[in-house]
Amino acid sequence: MATHTRDDGFHEIQLNGKQLVFLFMAATVVSVVIFLCGVLVGRGVRAERGGPGADAPLGVAAETTPQQLPPAAAPTPPGSDPTAAQPPPTVDDLSYFNRLQQSNQPAEQLKTAGKTATAPPIKVQSQKMGDGIWFVAGGSHNSMVVEFPTYITVIEGPLGEGRSLAVIAEAKRLVPNKPIKYLINTHSHFDHSGGVRTYVAEGATIITQEINVPFYQKAWAAPRTLAPDNLSKGAKEANFLPVKEKYVLSEGNQTIEIFHENGSMHNAGMLIVYFPKEKILEEADDYTPDLPELAAPGGIRPPVFMANLMKQIQTLKLDVATVAPMHGIVVPFSDLQKAASSGKG
Ligand SMILES: [Zn+2]
């Protein structure tokens, strides 16, 4: 009896040949309509994005200093191209901190970002570390400004021209009326060397490990057509001061020692800078201390980087009290020691 009932139910949903053909044709028509709707919607989005000047060079933003930024709510004159009037985000917009700060942005705002958003000003925060020594932070990458009796030395020109212009302005504010004579480049990775060209245009000599010199000479001699920067506009020749193992900058009572970090697994041409009087060690990418509320940008680094840095400190007999890292915050040397002994950094 039970078997018979189930059998009836099965027969009820059986279709004859004509019905099957009709269903097949109906499904085909519906699919074609959905496909055509999709094509139309897709075209609409492209038309909205396009228009004259949509392929304007990306260099617009790179040349914009914080002071020159248009106001956020500036209306676009009719007929003009909104993408040209509102520069695309600079490299610094994509920095660790800016992205964190923008993480609460509602999705609706993000959809129209291309039309309404402007690049936020590049943040620069200086911290005095000694006589004529400043740690310049405020973004994902740090620099240092060092005052000598007749000139300024900047350590690290990271990211790109926007960041460099902001750090140069800060250096000139901290130390008025002195030229930036040297830029010390810790290593050639793009995020640590992207802003070095601006210092060449500024007239600074680039201090870098000797293996980097041919690379920079070749890279900077290439035509720069997409995003012209100060160097490509000024066509200045770069001056280098190549460091083999050690170089000392000294004038009056300011002295800094620049060392090649031998055996670095992060970059073969890595430089570290030691301030003998203040016992400060500047380093990049070997040790990145966590910020109190945030983990270090780029996450945990292989312990071998820290181990090699510790080995160098011992070999060179550096008496370090404070670490000035090119990512993260200034910390006592004991933090690096702790991190190195636990293998977490
Ligand atoms: Zn690196």
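The values are calculated or read from the model by the stated rules, or taken from the named source; none is laboratory data. Keep in mind the model is a prediction, meaning the values are calculated, not measured. With ideal geometry, Cβ positions are generated from the backbone for all residues, glycine too; neighbour counts draw on all protein chains shown.
The table that follows gives values for the structure above.
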{"item": "Residue match in the stretch 161-170 (condition: modelled with pLDDT of 95 or more, over 23 Å from Asp286 (Cβ atoms) and of a type in the set (D, E, K, R))", "result": "yes"}
{"item": "Among (1) under 30 Å from Asp335 (Cα atoms); (2) more than 16 Å from the ligand (Cβ to nearest atom); (3) of a type in the set (A, V, I, L, M, F, W, C); (4) part of a loop (DSSP other than H, G, I, E, B) - the single one Phe259 does not satisfy", "result": "(4)"}
{"item": "Evaluation of Ala238 against (1) assigned to a loop (DSSP other than H, G, I, E, B); (2) crowded, with 18+ Cβ neighbours inside 10 Å; (3) of a type in the set (A, V, I, L, M); (4) within 16 Å of the ligand (Cβ to nearest atom) (one fails), failing number", "result": "(4)"}
{"item": "Residue under evaluation Lys244, criteria (1) crowded, with 19+ Cβ neighbours inside 10 Å; (2) more than 16 Å from the ligand (Cβ to nearest atom), criterion not met", "result": "(1)"}
{"item": "Count - residues of the stretch 262-276 that are within 16 Å of the ligand (Cβ to nearest atom) and in a loop (DSSP other than H, G, I, E, B)", "result": "8"}
{"item": "Any hit, the stretch 240-255, residues being at pLDDT below 95 and in contact with a helix residue (DSSP H, G or I) (Cβ under 8 Å, 6 or more places away or on another chain)", "result": "no"}
{"item": "Entirely in the stretch 133-230, the helices (runs of 4 or more DSSP H) that have 3 or more residues that are away from the ligand (no atom under 15 Å from the Cβ)", "result": "161-174, 196-201, 213-221"}
